[in-house]
1. I want to confirm something. Restricting to segment 76-92 and keeping residues that are touching a helix residue (DSSP H, G or I) at 6+ places or on another chain (Cβ under 8 Å) and under 28 Å from VAL159 (Cβ atoms), which single residue is surrounded by the fewest Cβ atoms within 10 Å (Cβ to Cβ)?
2. Out of the residues in segment 142-155 that are among the hydrophobic types (A, V, I, L, M, F, W, C) and part of a strand (DSSP E or B), state the one that is surrounded by the fewest Cβ atoms within 10 Å (Cβ to Cβ).
3. Which of the residues spanning segment 133-158 are in contact with an Asp or Glu (Cβ under 9 Å, 6 or more places away or on another chain) and modelled with pLDDT of 95 or more?
4. Which members of segment 23-53 meet the condition of being of a type in the set (A, V, I, L, M) and surrounded by 12 or more Cβ atoms within 10 Å (Cβ to Cβ)?
5. Would you mind finding the one in SER92, SER64, SER60 that is among the hydroxyl-bearing types (Ser, Thr, Tyr) and part of a helix (DSSP H, G or I)?
6. Would segment 106-125 turn up any residue that is surrounded by 12 or more Cβ atoms within 10 Å (Cβ to Cβ) and more than 25 Å from THR74 (Cβ to Cβ)?
7. Which of the numbered conditions does PHE109 fail, given that it passes all the others? Conditions: (1) in a helix (DSSP H, G or I); (2) at pLDDT 95 or above.
Amino acid sequence: MNIKDHKPEYRNWSRLIIAITATAISGATLVFQVILWTDRENRTDHIDRAIIVAQALDISRIESLTGTSADIGTPYYQKLKAQLAAIKESDSRYRFVYLMGQLLDGKVFFFADNEPAGSPDESPPGQIFSEASEEDLIAFNHKKAVISGPVADRWGTWVSALVPLIDPESDRLVAVLGM
């Protein structure tokens, strides 16, 4: 048998390998694009929902909070905690719903969260959030709604929507809603 007789067979294998490789690369690219699109859509939906929730909060009442343990006994703080808990319960995708503030030295703290009083995961008023990422700080420093994460902190790894609550009269940042 002559070697020339085997060349077409080698060519067919080469074409098959090239076709399989091209198909695999195209498939992987398509899957990657779908993943990116889905992530972008989920993040957009997440921030849109957080903006709607933020618009429903009474900024003038939030301004009355001190961000200290003195808030715990006040009727508005109790109402706010109940509101945050109801928001969290309305959608199983959210684990935490919370309001944060920023001290003059730049440290981020909690005003209130959705967790029941005494829960191991509760963030009482004034608790410092030392794990604030650079993305988180955009909401405070630039007064822009952002999606942060995934970022790890003491409670787990999260993708969070952060929406600044701004006093419309003074343009002052009052708090940041996170969820």
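1. Going residue by residue through segment 76-92, those that are touching a helix residue (DSSP H, G or I) at 6+ places or on another chain (Cβ under 8 Å) are 76-77, 80, 87, 91.
Checking the rest, the ones that are also under 28 Å from VAL159 (Cβ atoms) come to 77, 80, 87, 91.
On the way: TYR77: 19, LEU80: 22, ILE87: 19, ASP91: 11.
In this case the residue turns out to be ASP91.
2. Of segment 142-155, the ones among the hydrophobic types (A, V, I, L, M, F, W, C) are 145-147, 151-152, 155.
Right, trim to part of a strand (DSSP E or B) and you get 146-147, 151-152.
On the way: VAL146: 22, ILE147: 17, VAL151: 16, ALA152: 11.
The selected residue is ALA152.
3. Initially, segment 133-158 is screened for residues in contact with an Asp or Glu (Cβ under 9 Å, 6 or more places away or on another chain), giving 133, 143, 146-149, 151-155.
Hits for segment 133-158 are LYS143, VAL146, ILE147.
4. Step one: filter segment 23-53 for residues of a type in the set (A, V, I, L, M), giving 24-25, 28, 30-31, 34-36, 47, 50-53.
Matches in segment 23-53: ILE47, ALA50, ILE51, VAL53.
5. Numbers: SER92 fails: part of a helix (DSSP H, G or I); SER64 fails: part of a helix (DSSP H, G or I).
That would be SER60, the only listed residue that is among the hydroxyl-bearing types (Ser, Thr, Tyr) and part of a helix (DSSP H, G or I).
6. First, the residues of segment 106-125 that are surrounded by 12 or more Cβ atoms within 10 Å (Cβ to Cβ): 107-115, 121-125.
Going one step further and asking which of them are more than 25 Å from THR74 (Cβ to Cβ), we end up with none.
No, segment 106-125 contains no residue that is surrounded by 12 or more Cβ atoms within 10 Å (Cβ to Cβ) and more than 25 Å from THR74 (Cβ to Cβ).
7. The number of the failed condition is (1).
Yes/no per residue for (1) in contact (Cβ under 8 Å) with a residue 12 or more places away in the chain; (2) β-branched (Val, Ile, Thr); (3) part of a helix (DSSP H, G or I):
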{"site": "PRO116", "(1), (2), (3)": "yes, no, no"}
{"site": "PRO125", "(1), (2), (3)": "yes, no, no"}
{"site": "THR157", "(1), (2), (3)": "no, yes, no"}
{"site": "VAL174", "(1), (2), (3)": "yes, yes, no"}
{"site": "LEU177", "(1), (2), (3)": "yes, no, no"}
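The values are calculated or read from the model by the stated rules, or taken from the named source; none is laboratory data. A quick note: this is a predicted structure, and the numbers were derived from the prediction, not measured. When we count neighbours, we look across all protein chains shown, and the Cβ atoms used for this are built from the backbone with ideal geometry, even at glycine.
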